[in-house]
Amino acid sequence: MSRNRRHCAIVAVIATAVLITLSGPVFADPPHPPLYKGERLVKLATAYGPPTHLSGWTRDGRGKVYALHVVAGQKINIRFSTPSQYTYLVIFDLADTDEEAIYSSDEDGKDKTLTVAKNSTWLIRPYYSRMSPRKGLGAPYQIVIGAR
């Protein structure tokens, strides 16, 4: 390898390392998450720093769903509250193809600490159960997301 080619290769490696370092954690954009008709996707910052407080109103797939980048090894605290007995929160890992929720407030309780297995994006979906007999058009909710 000539001296000039070797110099160009070294410069290319250094430039790539600098770009990766300056851009922060590298996340591949997940495929477009499956949204129900009327849902709006809100991208959240990473779960570092002070807890993130979210609130809104959900009804029959019309409301906000949230995308959150998570990093392997993080412990994410989830707290979900709502006055409705028919409103739930589920979290899906968009990197998994099995469509199985990694958290459901119905099964796992309203307060939960989850350990992140791998760098990924989570889809956080509050929903008002269509299967339940209910009164009214939906319900309010609050979510607190924090990291330890």
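The values are calculated or read from the model by the stated rules, or taken from the named source; none is laboratory data. Source: prediction; values computed, not measured. Here the Cβ is made from the backbone with ideal geometry for all residues, glycine too, and neighbour counts use every protein chain on show.
Would you say V65 is in contact with an Asp or Glu (Cβ under 6 Å, 6 or more places away or on another chain), of a type in the set (A, V, I, L, M), at negative phi and surrounded by 13 or more Cβ atoms within 10 Å (Cβ to Cβ)?
Yes.
From the list G73, G56, which residue is modelled with pLDDT of 90 or more, within 19 Å of N119 (Cα to Cα) and over 13 Å from the mean Cα position of the chain (by Cα)?
G73
Being charged (D, E, K, R) and either at pLDDT 90 or above or loosely packed, with under 14 Cβ neighbours inside 10 Å (or both) is the filter here; which residues of region 122-145 pass it?
Of everything in region 122-145, those that are charged (D, E, K, R) and either at pLDDT 90 or above or loosely packed, with under 14 Cβ neighbours inside 10 Å (or both) turn out to be R125, R130, K135.
Test L89 against the criterion of being surrounded by 14 or more Cβ atoms within 10 Å (Cβ to Cβ), touching a helix residue (DSSP H, G or I) at 6+ places or on another chain (Cβ under 9 Å), hydrophobic (A, V, I, L, M, F, W, C) and in contact (Cβ under 8 Å) with a residue 40 or more places away in the chain, and give yes or no.
Criteria met by L89.
How many of the residues in region 101-129 are more than 21 Å from R40 (Cβ to Cβ), touching a residue at least 40 places away in the same chain (Cβ under 8 Å), among the aliphatic types (A, V, I, L, M) and not in a loop (DSSP other than H, G, I, E, B)?
Here the count works out to 0.
Residue under question is N119, and the condition is that it be under 17 Å from Q142 (Cα atoms) and surrounded by fewer than 17 Cβ atoms within 10 Å (Cβ to Cβ); does it hold?
No: the conditions fail for N119.
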